[in-house]
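Just below is one structure, and these are the notes that go with it.
The values are calculated or read from the model by the stated rules, or taken from the named source; none is laboratory data. Owing to the predicted nature of the structure, the values given are computational and were not obtained by experimental measurement. Cβ: placed from backbone, ideal geometry, glycine included. Neighbour counts: every protein chain shown. What goes into the accessible areas is simple: the full protein's heavy atoms, side chains included, and nothing from ligands, DNA or RNA. Shrake-Rupley method; radii C 1.70, N 1.55, O 1.52, S 1.80 Å.
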Amino acid sequence: MITRRNFIINTSLAATAVLASPSFAFAMTKKEIGLQLYTLRDQLPANVKTTLQKVASSGYTNVETYGFSIKDQFWGLSPKDLKKVLDENNLKAVSGHYNLGSFLIDGNTTELVAAIEAAKILKSEFLTIPWVDEPYRKEINDYKKIALRLNEAGKMCKNAGLKLAYHNHAFEFEKHNGVTGYEILLNETDQNLVCFELDLYWVVRSGNDPIQLFKDNPGRFKMWHVKDMDKANHDLNTEIGSGSIDFITIFKEAKLAGMKHFFVEQENNFATSAFDSIKTSSEFISKKII
């Protein structure tokens, strides 16, 4: 029997352990492995149900969607129908990548409103912006404009019970008069409205240090993309634990980063098949990291 006295003692011991070891706190709360479904972009459109079944059987409990459009929805499924398939496989779409049409350029909210509605139906926590087209990110003023739009979208998401996130590639780390686009986005967005999904592969690929970013901007990186870099060809990905990125060290700084969720992603260079690769990655993370 658990008495009130034993409950208090056990709770106190657990709290002491957390204070003594931040990594222990991470281990207690970060047991879910996510997958960015773009990894399976060749398989999903053909058979959503079978693909998601295989995702669940490979050790994943969270997913991040991609590819939503007003016309085709999610690979031909409505958000409601996709939610049903996810529920059947005990998967949660905690985030989704949504292209917002021309919103970042001209403020047209048509696709943003549709994305927010889809994310709400999926009961997602985050709505994530994955990309900015090249013509609209050439100079400092472009990034300043993007930051303003992100704040606007962040307000709309907050009003809808969602959080807005921005996902990086390498181009954000290019300098414009000595300042990177990423610095502008970090400094000129409201941290109460806009957070960041840090793609660790692209940070390392661009010659930057993720841990230094955490130190300079603590708490801003609520999500990560965990994507490994092939040792021989840095343009290629590989299974987590098989490449050149030291994820074990990076994960030790999860609390500093503010990370709540992470998603495995592999865009190419699968060892045998995409399904084998995602399983290899989840097994490495389960055994070596969390």
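Odds and ends about this structure:
- Sorted largest first by accessible area at a 1.4 angstrom probe radius, with every protein chain in place, the residues ARG149, ARG220 fall in the order ARG149, ARG220.
- Bins of 10 Å from zero: percent of alpha-carbon pairs in the range 183-260: 19, 51, 25, 6, 0
- Dmax and Rg, reported as Rg then Dmax, of the range 54-105 (C-alpha, Å): 12.5, 41
- 3J(HN,Hα) couplings calculated from phi for the range 218-228 with the Karplus curve 6.51 cos²θ - 1.76 cosθ + 1.60 (θ = phi - 60°) are, in sequence order, x, x, 7, 9, 6, 9, 10, 9, 9, 9, 8 Hz; Gly and Pro show x.
- Around the amide H of LYS92, modelled in the peptide plane, lie the amide H atoms of ASN62, VAL63, all under 5 Å away and 5 or more residues distant in sequence or on another chain.
- Restraint check, LYS123/LYS222; LYS80/LYS158; LYS227/LYS255; LYS92/LYS279; LYS80/LYS255, Cα-Cα greater than 24 Å: LYS80/LYS255
- With contacts taken as Cα pairs under 8 Å at a separation of at least 6 residues, the range 127-192 carries a relative contact order of 43 percent.
- Relative contact order of the chain, defined on C-alpha pairs under 8 angstrom at six or more residues apart (%): 17 percent
- The range 132-290 - Rg and Dmax from Cα coordinates, angstrom: 16.3, 46
- Area projected by the alpha carbon convex hull of the chain, averaged over all directions, nm²: 17.0 nm²
- The label-point distance for GLU117 and GLU267, in a model that sets each label 7 Å from Cα toward Cβ, rounds to 3.1 nm.
- Farthest towards the positive end of the charge dipole of the chain, among the residues ILE290, GLN43, GLY107, is the Cα of ILE290, using unit charges on the Cβ of Lys, Arg, Asp and Glu.
- When you restrict to C-alpha pairs under 8 Å that are six or more residues apart and normalise by the size of the range 79-180, the relative contact order lands at 28 percent.
- Computed helical MRE - 222 nm, the chain, DSSP H runs ≥ 4 contributing -39500 (n - 2.57), nearest 500: -12500 deg cm²/dmol
- Karplus 3J(HN,Hα) series, Hz, for the range 63-77 with 6.51 cos²θ - 1.76 cosθ + 1.60 (x for Gly, Pro): 9, 10, 7, 8, x, 5, 9, 4, 6, 9, 6, 9, 6, x, 9
- Protein heavy-atom accessible surface, 1.4 Å probe, per residue over the range 126-181: 47 Å².
- Per-pair calculated FRET efficiency, R0 = 35 Å: ASN99 and ASN177 via Cβ, rounded to 0.05: 0.75
- Accessible area of the chain belonging to carbon and sulfur atoms, whole % at 1.4 Å probe: 51 percent
- About the centre of its Cα atoms, the chain shows a dipole size close to 1300 debye [charges on the beta carbon of Lys, Arg (+1) and Asp, Glu (-1) only; nearest 20 debye].
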